[in-house]
Every structure is written in C-alpha cells, then in structure tokens.
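Have a look at the structure below, then the notes.
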Amino acid sequence: MNKISLIIVREYLSRVRKKSFLVMTFLGPILFAALMILPAYFATQSGENNIVDVVDETGIYAKKMKNSSSVTFNYLDTGIEEAQQAFKNNQMKSDALLYIPKTESSRDAKAVLFYEDNQPSIVLQERVKNEINKLLEHTLIRSELGIDPSKIQGINPNVNLTTKNIETGEQSLAALTTGLGFVGGILIYFFIFIFGSQVMRGVLEEKTSRIVEVIVSSIKPFQLMMGKIIGVALVGLTQFLLWVILTFIIITAVNFTNPTLLDPTGDQQKVISEQTSLMPDNVEDKSKEMSFDKDSGFAAIAQGLQSINIPLMLSAFLFYFLFGYLLYGALFAAIGSAVDNEADTQQFMLPITIPLLLAIVMSSFIVQSPGGPVAFWFSIIPFTSPVVMMIRIPFGVPVWEVALSMGLLVLTFLGAVWLAGKIYKTGILMYGKKIDYKELWKWVRYSG
Amino acid sequence: MNILEINGITKDYANHRALDDVSLSIPEKSVFGLLGPNGAGKTTLIRIINQISSMDQGKITFNGEKLRQQHVNRIGYLPEERGLYRKMKVGEMALYLAQLKGLSKAQAMEKLEHWFTKFDIIDWWYRKVEELSKGMQQKIQFIITIIHEPDLLVFDEPFSGFDPINQVMLKEEILKQKERGAAIIFSTHNMASVEEICDNIALIHNSKVILQGEVQALKEEYKANEFEIVLANFNKPIQSLNDHEMKIVSDNSEDGLFKGRLRTTSQLSTNEVIRKLISFGEIRSFREVLPTMNDIFIKNVNEIPKE
C-alpha cells in the first residue's frame, strides 16, 4: 500500500473506532430529530389548565374574558378580602386570584394576580394581560369613538405576499431558503472547528509522544501532515453522511408510528392556531400571515424545496465544507506542530478563530441582505467564504461570484498548505522553545 | 566498500552553524561510533542521514547512489527521544510502522511474530501501548527499528533509558545485526560501550569532525608509552629510573614491592623498557597502558577551546 494511504487509513480508523465518534454519530441525529419532533410533540400535548378566580370591581371584564384550553376564568361575586381569605385557605380549587380594582382614569387597568405556591407562568400572565387589554380596548372604542368593536374586527384585512422568480416563475419560500442556508453555514462552522482541532490535537499527540521522529524517518513530513488532514476529513464526511441517514431514519420512523405529529395540515395546525391565540393581537396577525393555508401549506413547502435546487445546495455544501476544512485544517496542523502542549495553542488560535466567528456573527445580517456588499465580500474572502457563501447560495448567487469564491478558496488552501508544511516540518522536531510569530516566520523562510 | 559516504556537509540554523564541512565514511558490516559532547551536531547529522532534515551544502551517497527518499526503506532509525502511539494496540501499531518502512502486511506480520516471540512479548499483541512497562516499550521500539532488515541502522543514544538487563540484550542484538550484514551508526556518550562494540569512530566537536579512524589504530596512536609494573627485589633506588629516560607517574608501593606506572621520556621500544627494568630488579608484572576511548575523547575535546 502507498505510504500516504497507510497514514490516511490509520488516522481514519483510529478516530472512527473511538467511542466518542460512535456517541457523536448516534447522539447527533437524535438531537436533530428531537429538535424537529419535540416541539411538535409538546404542542400536541395539552398544557395544564389554570383556573383563575376573578374579582372584578370595574364591571368591564366580568364574564367577558375568554376561556381557553389553558385558562379557565372563574368569576367571584365576593369582595376581594373574602376572596383572598378563601384563596389562602385553599377553599377554592384555583391556581391564581385575579383582582381588578377600580381606577381613577377609565383608560387604566391595574390588575393584580395573586398566587400562593407556584408563580404564574409568563404565558399565563401574558394571556391575562391580553384579555384585560382587549376588553378595555373594546370598551374604549365603544365609549370614546362610539363604534361597535365587532365592526372593526369585521374589516380585518387579509394580505398575502409571495415572491416569484421572474424567469422560472417558481415561488420561493424565504423562510425555508434562509433556514437551509443557515443550517448549512453553521454546520460548516462546527465541522471546521471540531475536525480542525482534531487535526491539531493529532499533530500535538505525535509530537509530544515523540513518535513523530520515527515516522518522518519513513515518510516526508508533508505527506504525514496531508495524510492526517485527509484522514480526518474522511472522518468528518463519514460523520455527516451517518447523521443525514440516521436523522432520516428516525424522522421516518416517528412519522410512521405517529403520522399526525409531523403533518402540518393535521393536528399541529390546530395546535399552532391555538398557540397563536395566546399571543397578543398584533403577533397573532403576523403569525397568521406566516402560517400556511391549510390546503396549500404542505404543497408550498414541497414546491419551495424544488425551487431551491437540492443538488446545487448539497454540492456547494460539500465543496465549502471540504475546502473550508482543508484550509483551516492545514493551519490547525501548523499550530499543533509549533507548540509543546495544548495550553500554548491559545495565542495562535485567536487569528484563526476570529474570521470564523465573524462569519457567524455576520450571518443574520447576511440573511437580511444576501446580495449586499457585506455579503459579497464575506463570501469572496476565503477565510469567511465557506460559511457565508453557504448562507447566500439558496438566495441565488451569480455564477461568477461563486466561481471566484471557490477559486480563491482553493488557491488560499494551496497557499496555507505550503505555509503549514514549512512550519510543520520544523515545528515537529522543535521542543522546549517558546514560539512566537517571528519565530514561525523564520521557519517559513529557512526551509528546515 | 562504504555504505555511506558523507562529503562536506554544512548545515546552518538561524543563529549558528550546526555542521561545518563534515565528511565521514561508514564502512559496510561494521559499527561506527559517532561521538561528541552535547550540542556538537550529532543529532543534526543523524537527521540529515535519515532525510528528516535537509543539508545546505554537501553530498551523501548511500550504497554508491545519491541519497534519496526511496532509501528510507533501507535505513532503520532509533531516535534518542523515543515514543509510541500510547492509545494504539501494540500489534496494530507495530504493523503500521513496519508497513511504513515498505514491508507488505504479510511480510510485516511474519517478521513481527518472530521478534515478538523471541522477546517474549507476543501476549501483549492486543494490549494498548500505554499498558506496557517501559522496558517492554523499548523492546518494541527496537523491533520496529530493525524489522525491515535495513542495510544501515542508526541508533542515537540507544542505551539511555534501558535497564542493565535490557542494555546487555540490546548490545547483543546490535552485534547480531552487524553479523547479519548491516552497518550501524551508533551515537553515544557511553565510552565503555564504544570500546566494546565499535569498529570505527568519528569525534564531532563544535560542528566539525576532529578525529576519525579505527578504534584500535586510534588507541595505538594516542598511547602515551605508559607502563604499569610491579618490581620486586630491586637493587637500585627506584627513583633513579628517572635518569634512564623514564619517569614515574604514580607510585603505590607496598610490602617492599614497587607498584606503579611509569612513562618513557623518549621513544623507547617496549623491549628496551623491559631490558632497563630487568637491571633494576625482578619484574613481577608488566603491562602497556593503552588509552581508553574516554581519554582520547577528553584529550581531543579539551585541546580545542569551545567557541
């Protein structure tokens, strides 16, 4: 067998057989699946029903507050002292006692929510506040403007805006494209860090255990470094592939055993509308716009997915993952070779971490303006392009920009490997010396 | 024939010259001792021979060919600082390192089995390296150095860190490698071991070769015409030896016997020395004192002031 393939096989097998790899492989999809399934699951579970006793001194709210699956209002005719006494003595079965006293101005409402053991949840507080707000609003509309509030509700406008590609006529789904690009970018970010630092630790392990000198007497240092980087890249790809497959299996299995859970046209839709009714009016309106029509919702997603060009996304992801990792992997290898222990890596890690972090920090801005100059430059500069271009791609990027970005990334990768090779060659045999950037530069110039 | 010809090698680091016009010839089927104080440049030279470091000037031929990357499969190297993959299984790691030296998996397996059985560590094949004792790790280190039966073996301070029992074993195995036909470069501070196993030596000091040759020839060359004698029934005052082109270097006389060392002050042959001594008394014991490698080492190193 070729010597470099020996290195690649060892690096690959020694990592894939580790327990931590197995744990990550199975935990990852479970986490992904949980992220997709659990919210749906919890949404279908009816939450606890809170009973709230109400003492209303104003007469505005009495018997008008709406009960829902989570709150039941129970009106008391007693005064507040009696009610408080009864609440304290646990005579009532209620969870909280709402007291709405009279106020000087008819525009104010200063309600108090008493509780004994469990503080009322934010959701409950919002719900109560909302009910009061709505009822007060209605009262004021009637008394001050002389309009029947039901008339205002009757003219509730219904706006629908869709975006369509002028050439293909395909409907795009902003939320979906954003999400896919974003997930891709974040995955690349994590993969670069996780597997880049694996390369670094591997180099450091060989250096500190001193086995490296035996190995470089059999193979060139550059081959050893590349073998390690490629071996770890294959580990990353394996992990990714297993994640995709396992996540798919889990989701399919859950869907099979509980078909309604992930079906947006089924129960979940009802749950969502129920949930939205908990929100304040303005939020409710927005969420109504965002949620899909019962008939066209699922079809719209399918259509949206078609418009995204999955093969393009996938190949872009693989390209940027691979070359982004290779670029950073080479730098990580150089760092590992330059120091004697993991603590010393910090000073060299910073310049590598900053561009990646910057790409992530800028990501939400880039999503808002995927064609702007910031997005353009960040997706061209090789140190941020793997993450940023991935976020941009679903929005549609001119071919020349992608080509330029990819070309620069490959060139920078070659440059980084050349540089790292020089540092690596000297670094692996250098012990007990405090290394700074000046020293590293010397290593690059004097080829050991 | 020489397996390795080193011609005028110079190597500069940023702040100093590690090797300065170093030329050496290493004959095949022999043990070559590479001596020198710390920091003399021995490890740099060894790394250049192993193509781990490059040289700035000079030329190396291996078996008559210019030294190149393919030759690494014909060279075995045991570095001074040793280490193994602690988390790997012993057998798997040995197989890996043997294959890196160009053996096929089947060849490597067969040879490793032989050596592991010979050193009685075959039971450890499936254990992790970190579970092994230091002595066992060193045995494995030795095995992977010689497993591909190289033409040239380079041992950098091989005895350091070996316990006395393993040192003896190691010495025997090194000599067996020589019998097999390998040339061995042996870098060390341990002068006693040099006398025992080296055929030739080179002394490197301040980046230069300051002495090179066969061990026996060097001893002859550096002998100080010194003799250790025991005289009995001497009839003249022993001090008068000083008037006969000789000088008493040390005197540990006891029980009416003269016991001590003397040195000739002019070029006297051994026979002439004996003739003169007979005229003084009865020779009980007579031995020519040859310098140890240690003496030669110290003498040469001290003659050249440290830069």
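The values are calculated or read from the model by the stated rules, or taken from the named source; none is laboratory data. These figures come from a predicted structure and were not determined experimentally. Quick reminder, even Gly has a Cβ in these numbers, built from the backbone with ideal geometry, and neighbours come from all protein chains shown. Quick note on the areas: whole protein, heavy atoms, side chains included, nothing else; ligands and nucleic acids left out. Shrake-Rupley method; radii C 1.70, N 1.55, O 1.52, S 1.80 Å.
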* Degrees between helix B:164-180 axis and first principal axis of chain B (Cα, 0 to 90, nearest 10) -> 80 degrees
* Please give the contour-minus-distance gain from A:Val444 to A:Val23: 0.36 nm per residue of separation, less the Cα-Cα distance, rounded to one decimal in nm. => 147.6 nm
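Relative contact order for chain B using alpha-carbon pairs under 8 Å, separation at least 6, rounded to a whole percent?
Details: 528 pairs, mean separation 62.0, N = 307.
Relative contact order comes out at 20 percent.
Please give the FRET efficiency for A:Glu342 paired with B:Glu221, using the beta carbon to beta carbon distance and R0 = 56 Å, rounded to the nearest 0.05. Let's see the in-between values first.
Details: r = 53 Å, r/R0 = 0.95.
Efficiency at R0 = 56 Å is approximately 0.55.
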* **Sequence of A:Lys442, B:Lys89, A:Lys434, A:Lys93 from largest to smallest accessible area, 1.4 Å probe** => A:Lys93, A:Lys434, B:Lys89, A:Lys442
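For B:Arg86, A:Arg392, write out the residues from largest to smallest accessible area, computed with a 1.4 angstrom probe and no ligands counted. Walk me through the numbers on the way to the answer.
Values: B:Arg86 120, A:Arg392 10 Å².
The residues order as B:Arg86, A:Arg392, largest area first.
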* Which of B:Lys105, B:Lys276, B:Lys171 moves most in a GNM of chain B, Cα contacts under 10 Å? -> B:Lys276
* Asked: So how exposed is A:Leu38, as accessible area in Å² (1.4 Å probe, rounded to 10)?
  -> 80 Å²
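By DSSP, what percent of the beta bridges with both residues in the protein assembly as shown are antiparallel, rounded to the nearest 5? Show your work: numbers first, answer last.
On the way: 46 of 74 bridges.
Taking every DSSP beta bridge with both residues in the protein assembly as shown, the antiparallel ones total about 60 percent.
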* **Of A:Ile352, B:Ile143, A:Leu145, farthest towards positive along the dipole that unit charges on Lys, Arg, Asp, Glu beta carbons give the protein assembly as shown** => B:Ile143
* To do: Can you find, among B:Gly33, B:Ile3, B:Ser23, the residue farthest towards the positive end of the dipole of segment B:3-57? Put +1 on the C-beta of Lys and Arg, -1 on that of Asp and Glu.
  => B:Gly33
* Structure fact -> Per the rule of 0.36 nm per residue minus the C-alpha distance, extending B:Lys171 to B:Thr61 adds in nm 36.8 nm
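Using a Förster distance of 35 Å, how high is the FRET efficiency between A:Ser315 and A:Arg201, based on the Cβ-Cβ distance and rounded to 0.05?
On the way: r = 30 Å, r/R0 = 0.86.
Calculated value: 0.70.
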* **Cα-based convex hull, segment B:224-289, per residue volume (Å³, whole number)** => 72 Å³
* Structure fact -> With Cα springs under 10 Å, the Gaussian network model of chain B assigns the largest mean-square fluctuation among B:Ser250, B:Ser160, B:Ser207 to B:Ser250
* Asked: Pick from B:Ser104, B:Ser266, B:Ser193: which is most flexible by mean-square fluctuation in a GNM of chain B where alpha carbon atoms under 10 Å apart are linked?
  -> B:Ser266
* Considering only protein heavy atoms, with the full assembly of protein chains and a 1.4 angstrom probe, order A:Glu81, B:Glu220 by accessible area, largest first. => A:Glu81, B:Glu220
* Structure fact -> A correct Stokes-Einstein calculation for chain B, using the alpha-carbon Kirkwood radius, 25 °C and 0.890 mPa s, returns a whole-number D in µm² s⁻¹ of 110 µm²/s
* **Net lengthening on full extension, A:Thr238/A:Lys88 (0.36 nm per residue, minus Cα-Cα)** => 47.9 nm
* **Heavy atoms of A:Thr162 accessible to a 1.4 Å probe, total area in Å² rounded to 10** => 70 Å²
* Asked: To the nearest 10 degrees, how steep is helix B:134-146 against the longest Cα principal axis of chain B, on a 0 to 90 scale?
  -> 80 degrees
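Output the relative contact order of segment A:50-154, whole-number percent, from Cα pairs under 8 angstrom with separation of 6+ residues. Spell out each step's value before the answer.
On the way: 126 pairs, mean separation 28.8, N = 105.
Contact order relative to length: 27 percent.
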* Rounded to the nearest 20 Debye, what is the dipole magnitude of the protein assembly as shown about its Cα centre when Lys and Arg each give +1 and Asp and Glu each give -1 at the C-beta? -> 1640 debye
* **In degrees, nearest ten, helix B:270-280 long axis to first principal axis of chain B (Cα)** => 40 degrees
* Calculated P(r) of segment B:1-156 - Cα pairs past 24 Å, % -> 41 percent
* Cut-off 15 Å between beta-carbons: net charge of the residues surrounding B:Ser104, Lys and Arg +1, Asp and Glu -1 -> +1
* Anything losing 30 Å² or more of accessible area from the isolated chain to the full protein assembly: pick those residues out of segment B:90-131, probe 1.4 Å, ligands and DNA/RNA ignored. => B:Glu92, B:Tyr96, B:Leu97, B:Gln99, B:Leu100, B:Lys101
* Structure fact -> Pseudo-spin-label distance A:Met36 to B:Ile298, built 7 Å along Cα→Cβ, given in nm, is 8.0 nm
* Kirkwood Rh, angstrom, the protein assembly as shown [1 / mean 1/r, Cα pairs] -> 34.1 Å
* Asked: Say each of B:Asp199 and B:Tyr13 gets a label point 7 Å from the Cα, pointing the same way as Cα to Cβ; how far apart are those two points in nm?
  -> 3.3 nm
* Asked: About its Cα centre, what dipole magnitude does chain B give when the only charges are +1 on Lys and Arg Cβ and -1 on Asp and Glu Cβ, stated in debye to the nearest 20?
  -> 700 debye
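Note down the relative contact order for segment B:186-252 as a percent, whole number, built from C-alpha pairs under 8 angstrom at least six residues apart. Numbers along the way, then the final one.
Values: 30 pairs, mean separation 10.7, N = 67.
So the answer I get is 16 percent.
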* **Dipole moment magnitude, nearest 20 debye, segment B:224-289 about Cα centre, only Lys, Arg, Asp, Glu C-beta charged** => 80 debye
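Quick one: Cα convex hull volume of segment B:143-277, Å³ per residue? All intermediate terms of the calculation are to be shown ahead of the outcome.
Working: hull volume 25.3 nm³, N = 135.
So the per-residue Cα hull volume is 187 Å³.
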* **Cα-based equivalent ellipsoid of segment B:31-91: semi-axis lengths in Å, sorted from largest, via gyration tensor** => 24, 18, 11
* All-pairs alpha carbon distance profile, segment A:50-154, 10 Å steps from 0, percent -> 14, 46, 30, 9, 1
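Given a cut-off of 27 Å, name the pairs among A:Lys63/A:Lys93; B:Lys11/B:Lys139; A:Lys433/B:Lys59 whose C-alpha atoms lie farther apart than that in the structure shown. Intermediate values should be presented prior to the final figure.
Values: A:Lys63/A:Lys93 19 Å; B:Lys11/B:Lys139 33 Å; A:Lys433/B:Lys59 30 Å.
Check vs 27 Å cut-off fails for B:Lys11/B:Lys139; A:Lys433/B:Lys59.
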* **Selection from A:Pro39, A:Ile155, A:Leu98 lying farthest towards where the dipole of the protein assembly as shown points positive, charges on Cβ** => A:Pro39
